[in-house]
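The values are calculated or read from the model by the stated rules, or taken from the named source; none is laboratory data. What you see is a predicted model; the values in this text were computed from it and never measured. Here the Cβ positions follow ideal geometry from the backbone for every residue, glycine too, while neighbour counts run over all protein chains shown.
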Amino acid sequence: MNRQPQHPCPTCHGFARVPVADRQFACARCGTVLPPLPYVGRGRGNLSHLSPVRIGMKARIGGKEFHCVGRIRYVQAEDDETYYWEEWVLLNPDGDARYLEFDEGKWTLSEPFQPAPGAPSAGEFSIAAEGVRYTVDGLSVTVTDAGACQVKTVEGEIPWPVAPGDRLRYVDMEGGGGFFSAEIGGDDGAVEWFRGRRLDDRAVYTLFDLRELIADLDRRAAAARSRRSFGLLCLAVALAALIGWGVARGRGRVVAQGSAAIANVPQEGTRFGPYRLTAAGRVHRLRVSSNLSQSAAWVQAVIETEDAGELFDTAGELWDETGYDDEGRWHEYRLQSQSDFRLAREGDVYVRVYAEPDTAAAAAGTVSFAIEEGVLYPTYLGSFGALSLVLGCVFFLTGAAGATQQTWQGMGSRGGAAGS
Amino acid sequence: MSPGHRIGAAVLLALLAVTWLASVYGWGLRSTAVADARIREKRRSVRTGSGGYHGGGPRFGK
């Protein structure tokens, strides 16, 4: 594509044309209304927008004012996939051009340049593929992308011949902190060189002085920071709660304990005590356990008053079993049962232990109990910790992604003319 | 943080404090204030085989 500006304004010789009322274009420098450029196949307005840039916008680049005069959309078919990207043509009235490419959400601003002698020729680019290295302007650069594409649509008043269907080869390279692109087109295989840099949304909005969008970026960045901060706080709270949960699952201070042989526990149980419990209003844990082996027994420990009034218990089917299967030896057991309770008032309590052996071998085991004080009830802390953890992850990740619709996505076209 | 997140943070910290207190003082837990008749019933059902304990465990080939 020969990107030499043609058809200057007859009044001031400027090349940039911008849309004015009634679908007309005027010289960006002197305002003279100009007839349409004599190129065919240009679009007329229904090209969808992928970015907030519109024909007629002004950008300030390096202290110089550029007018957005048109847009070229390219298409590339490769491996059963079709890729589209677009290039905004920014033109200074004196004919100086910049190209703003928007490809899958990424911006690249480039300018034409003539590299020093020794730059690769069209023939040398025939083997260009990702990873191939060349030397451009004394810099070692690596090909990041290479292929052939086609102009899909053209919109606006671009003052050189370019039309849908035009084909060109391109080679994109990076190195020395910069971006280089070679465009090989036309019958003569001439190479047009471009160099540039990647831009983020904020840089592009700043070029076009899109203050509303910059403010929106700031707002979204602040909202994302706030979500991340809240997420971090949730994670810290979750950590505190889960540490508490871990502590609560540990042992408290044993204030009463005892044990009996299962064979010696009568039907009415074996009573232990009295034990004086003093931490009124606090959580206590009653634990019953056994040393069963290859046997099972149902056991119960009951806290009762002096006159055998039953206040609290913990019970369970305790068992221990070993066997062999296809994967070898296995050993499963459940040898403890525990429950937490709140001591209503200070006083003496007794513990009565019951044991019902399910197997003859169980009679050889013992059953033990313990009352612990100074424990934390783990369920509340565990549940709250898990909930806070989920909440923290959600807020932190959504804050990191910043996945909110951008303001410009609701903007209409400023271009007015054109369409494909 | 935004005002909304600040309020959320305050609520979260308050909930952590309440949760911690509930864990320390056992709010909502069974207490030893009154006798519990279900304890005796639990034992009776085990002995008569009418309850859910006998035969309930994954043991000995089950």
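The figures follow:
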| item | result |
| --- | --- |
| Subset of the range A:86-108 that is among the hydrophobic types (A, V, I, L, M, F, W, C), under 18 Å from A:D201 (Cβ atoms) and buried (at least 22 other Cβ atoms within 10 Å of the Cβ) - its residue that is farthest from the chain's Cα centre (by Cα) | A:L90 |
| Test: A:A122 is surrounded by fewer than 20 Cβ atoms within 10 Å (Cβ to Cβ), over 39 Å from the mean Cα position of the chain (by Cα) and at pLDDT below 90 | yes |
| Residue match in the range B:26-33 (condition: facing chain A (nearest Cβ under 7 Å) and farther than 30 Å from A:E356 by Cα) | yes |
| Criterion violated by A:D348 - all others in (1) more than 56 Å from the chain's Cα centre (by Cα); (2) farther than 17 Å from A:V255 by Cβ satisfied | (2) |
| Strands (runs of 3 or more DSSP E) (entirely within the range A:57-166) containing at least 2 residues that are within 23 Å of A:G41 (Cα to Cα) | A:64-78, A:81-91, A:97-103, A:139-156 |
| Residue that is farthest from the other protein chains (Cβ to nearest Cβ) [pool: residues in the range A:204-253 that are closer than 30 Å to A:R60 by Cβ and exposed (fewer than 14 other Cβ atoms within 10 Å of the Cβ)] | A:D209 |
| Test: residue in the range B:37-47 that is within 15 Å of A:E317 (Cα to Cα), at pLDDT below 75 and of a type outside the set (A, V, I, L, M, F, W, C) | yes |
| All positions within the range A:48-80 that are modelled with pLDDT under 90 and under 18 Å from A:R169 (Cβ atoms) | A:A77, A:E78, A:D79 |
| Flag if A:A301 is more than 17 Å from B:R30 (Cα to Cα) and touching a Ser or Thr at 6+ places or on another chain (Cβ under 9 Å) | no |
| Given (1) modelled with pLDDT under 90; (2) over 15 Å from A:V75 (Cα atoms); (3) out of contact with any Phe, Trp or Tyr (no Cβ under 8 Å at 6 or more places or on another chain), number of the condition A:P164 does not satisfy | (2) |
| Among (1) free of Cβ contacts under 8 Å to residues at least 12 places away in the same chain; (2) of a type in the set (D, E, K, R); (3) in contact with a Phe, Trp or Tyr (Cβ under 8 Å, 6 or more places away or on another chain) - the single one A:R282 does not satisfy | (1) |
| Considering residues of the range A:269-296 that are more than 10 Å from chain B (Cβ to nearest Cβ) and surrounded by fewer than 14 Cβ atoms within 10 Å (Cβ to Cβ) only, the residue farthest from the chain's Cα centre (by Cα) | A:R276 |
| Residue within the range A:91-100 that is among the aliphatic types (A, V, I, L, M) and either in contact with a His (Cβ under 6 Å, 6 or more places away or on another chain) or without any contact (Cβ under 8 Å) to a residue 40 or more places away in the chain (or both) present | yes |
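Residues are listed down the side, and each one gets a yes or a no for (1) farther than 30 Å from A:D358 by Cβ; (2) at pLDDT below 90; (3) of a type in the set (A, V, I, L, M, F, W, C):
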position	(1), (2), (3)
A:L233	yes, no, yes
A:G269	no, no, no
A:G273	no, yes, no
A:L292	no, no, yes
